[in-house]
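Novice: Got a structure for you, written out below as C-alpha cells; questions coming shortly.
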Amino acid sequence: MESSFPFINQALLITDQPFMTFHHFLVASACVLIAIFGYYFFKPRCIIYLIDFSCYQPPDFLRAPVSNFIEHLTISGVFDQESLDLQQKVLERSGISDDASVPASVHEIPPNASLPAAREETHEILFTIVEELFSKHEIDPKSIDILVSNCSLFCPSPSITSMIINRFGMRSDIKSFSLSGMGCSAGILSVNLVKDLMMIHGDSLALVLSLEAVSPNGYRGKSKSMLIANTIFRMGGAAILLSNRKQDINKAKYKLQHLIRTHFGSENESYESVMQQVDEEGKVGVALSKQLVRVASKALKINVVELGPRVLPYSEQLKYIISFIQRKWGMHKEIYTPNFKKAFEHFCIHAGGRAIIEGVEKHLKLDKKDVEASRSTLYRYGNTSSSSLWYELQYLEAKGRMKKGDKVWQIGFGSGFKANSAVWKCISEIDSRDRNAWSDRIHLYPVCGDASSELRTELLS
C-alpha cells in the first residue's frame, strides 16, 4: 500500500524487515529480567544503627506521690467533688507509683500552664539528655546531620529542634524536622523519618528527640473522658542517636531490622478515640474514648498481619494459615495466634496505661515476664508518651537481659489512630552496669504484691 507521504513509505519498507529475531527477543527479555532482579535484590541497602540513647531521670524533688497529687488537685480549687473523686479513683488503679514525676510548674498552686513554663520543662528534659548522650560518646554537635523531634501537644515557635540547634550550636545546613500532633507512637515515626532521609543522605548521623510537655496540657473542666489524661501523663523524654555510617558499626548497640506503620484515621471510631477538643465550658483537653482499647487491638492486628511474615518462622506461619482455613470451613472457632516469642526475645509495649499493656499481653498471649519492662515503666515513670518505649529498653539493659543477637519488638500506639512497630537486633555486648534511668533502683523491680510497700519505703528514706 502506497502512502502520499514519503516518510511513511520509507517506514513501511523498513517494517518489512524483521526488527529482531525471536532469539534476539529472548536474549533482550532475559537481560531486562536480570536487570530488574539485580535492582531489587542486590541494590545497596541502607542499614540504620542505633549507637545509643538516653532517657531523662527527674530529680526526686519532682516526684508526685498519689496522696500529694490528690491533695494538690483539691487545694487548687479547680475541680468539683465529683471530678476529684473520679481522678482519685483512676489514679489509685492506674498502676503508677509515687515515684512518677511532674515538672516544677505543675507542683505550683494553681499549676502554671504558661508558655514560659512549657519551654522551661522542655529545656530541662532535652538539654539534660542530649548533653548526657553527647558527653558519653564525645559527639561534636556540629557532626549531627539530621535532627528530628516529636512532641504531640506543645508546638512552640521557634520549634523544639530550633531550641536544640541554638543551645548546642549545630550547623546551619542541618536537616531539622519538628513533628507534632502525632501522639504517643511518634517516637517510631521519627525513626521512620530518619530511615527515609538516610536512604538519600549517606554517611549521616541523626539525633531523635521524643517527649511530651506536661505543663501546658492539664485539663481543668468536668468532662470524664478528658479528666483521665490528667492522671496518667508524667514527665519524661528520650534522645536517640542513629547512624548509617560504616565507622559506627562497632560502637552501635542495635541495628534496625523492620519498621511497620499502621494508620486507621479513615475510620471515625479510630480517629476520635484520642482527640484534643473543647468541652461545653470552653476548656481544652484530650478526650480518651471508651473504645480506645478496642481500637488499639484492631490496629495492632493489622500491624501484626504485615509484620508477621517478615519475622515469624515458617512453622508458625503455616499453623496460622491452616487454622484460618479451618475456621473458614467451620472446623475451629478461633484462629491460631502465632507464638511471637519464637521471633523475639523481648517486648516493649507502649506504657499508655494498664488496660493497653494487659490488652496486648492477652492478644499476643505473652507471659508476665514478657510485659515486665512495660509494667515497670508505667509504675515508675507513668505514661511518658512517645519516650516510654525507650525507658522500657533501658529497663531490659539495666536488668542484664539484653544479649548480643537478641531481637526486641517495640510496639507504639498513638492518636490518629496509629499502631507502629520497630524491630531491633542487638549487635553488641550490653553492660548492665552502664548508668541509665533505672540504675539507682533496678534492684527493686519488678514490683508485685507486697513489694510495692518496700519500694515506697525506699523512696521515702
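Novice: Between I249 and K283, what's the calculated FRET efficiency when r is the beta-carbon distance and R0 is 51 Å? Round to 0.05.
Specialist: It comes to 0.50.
Novice: While we're on this one: Evaluate the distance, in nm, between pseudo-label points positioned 7 Å from the Cα of K341 and of S67 along their respective Cα→Cβ axes.
Specialist: Label-label distance for K341 and S67, simple model: 3.9 nm.
Novice: Where in the chain is the longest stretch that carries no chymotrypsin sites (Phe, Trp or Tyr not before Pro) classed as loop by DSSP and with at most 13 other Cβ atoms within 10 Å?
Specialist: The answer is 20-328.
Novice: Which stretch or stretches of the range 156-181 have amide N atoms under 14 Å from the point lying 7 Å from I200's Cα along the Cα→Cβ direction?
Specialist: Residues passing the 14 Å test: 174-177.
Novice: Same structure, new question: Among rounded, prolate and oblate, which fits the chain when a ≥ b ≥ c are the square roots of the eigenvalues of its C-alpha gyration tensor, a/c under 1.5 means rounded, and a/b larger than b/c means prolate?
Specialist: prolate
Novice: Still on this structure, I have one more. Roughly what % antiparallel, to the nearest 5, for the DSSP beta bridges in the chain?
Specialist: Of the beta bridges lying entirely in the chain, close to 70 percent run antiparallel.
Novice: Heavy atoms of the protein only, probe of 1.4 Å, neighbouring chains included. What is the accessible area of C448 in Å², nearest 10?
Specialist: My reading of the accessible area for C448 is about 90 Å².
Novice: If you don't mind, there's one more thing I want to ask. Tell me, what is the percent relative contact order of the range 42-134, built from C-alpha pairs under 8 Å that lie six or more residues apart?
Specialist: RCO, the range 42-134: 40 percent.
Novice: Sticking with this structure for a sec: Could you work out how far helix 115-137 tilts from the main Cα principal axis of the chain, as a 0 to 90 degree angle to the nearest 10?
Specialist: Compared with the principal axis, the helix lies near 60 degrees.
Novice: Right, here's the next one. How far, in degrees from 0 to 90, does helix 186-200 lean away from the longest principal axis of the Cα atoms of the chain, to the nearest 10?
Specialist: 30
Novice: Something else about it: Between the DSSP loop rule and a limit of at most 14 other Cβ atoms within 10 Å, which trypsin sites (Lys or Arg not before Pro) in the range 342-375 are left?
Specialist: Within the range 342-375, the qualifying trypsin sites (Lys or Arg not before Pro) (loop, at most 14 other Cβ atoms within 10 Å) are K365, K368.
Novice: Below 8 Å between Cα atoms, with a sequence gap of 6+, how large is the relative contact order for the range 190-313 in percent?
Specialist: After rounding, I find 26 percent.
Novice: Here's a follow-up. Using a 1.4 Å probe on the protein heavy atoms only, what accessible surface does R294 show? Give it in Å² to the nearest 10.
Specialist: Answer for R294: close to 140 Å² accessible.
Novice: If you rank C348, C184 by how much accessible surface each has, with a 1.4 Å probe, what is the order from largest down?
Specialist: The ranking, largest first, comes out as C184, C348.
Novice: Got a number for the accessible area of S421? Probe 1.4 Å, square angstrom, nearest 10.
Specialist: Using a 1.4 Å probe on the heavy atoms, I get roughly 0 Å².
Novice: So how tilted is helix 66-76 from the main axis of the chain? Cα-based, degrees 0 to 90, rounded to 10.
Specialist: The helix 66-76 is inclined about 80 degrees to the chain.
Novice: Please identify the GluC sites (Glu not before Pro) of the range 226-278 that satisfy two criteria: DSSP loop assignment and at most 14 other Cβ atoms within 10 Å. Which are they?
Specialist: Filter output for the range 226-278: E267.
Novice: With the contact rule set at Cα under 8 Å and sequence spacing of 6 or more, what percent relative contact order holds for the chain?
Specialist: Relative contact order for the chain comes out at 19 percent.
Novice: Set the Förster radius R0 to 30 Å, insert the Cβ-Cβ distance between D60 and S428 as r into 1/(1 + (r/R0)^6), and round the FRET efficiency to 0.05.
Specialist: 0.40
Novice: Please work out the FRET efficiency for the pair E334 and Q276, using the Cβ-Cβ distance as r and a Förster radius of 51 Å; give the result to the nearest 0.05.
Specialist: Computed FRET efficiency for E334 and Q276: 0.85.
Novice: Provide the gained length on full extension for the span C46 to K403, in nm with one decimal, where the gain is 0.36 nm per separating residue minus the Cα-Cα distance.
Specialist: That works out to 126.1 nm of additional length.
The values are calculated or read from the model by the stated rules, or taken from the named source; none is laboratory data. The model shown is predicted, which means the values in this text are computed figures rather than measured ones. In this analysis, Cβ positions are derived from the backbone assuming ideal geometry, glycine residues included, and neighbour counts consider all displayed protein chains. For accessibility, only protein heavy atoms count, side chains too; no ligands or nucleic acids. Shrake-Rupley method; radii C 1.70, N 1.55, O 1.52, S 1.80 Å.
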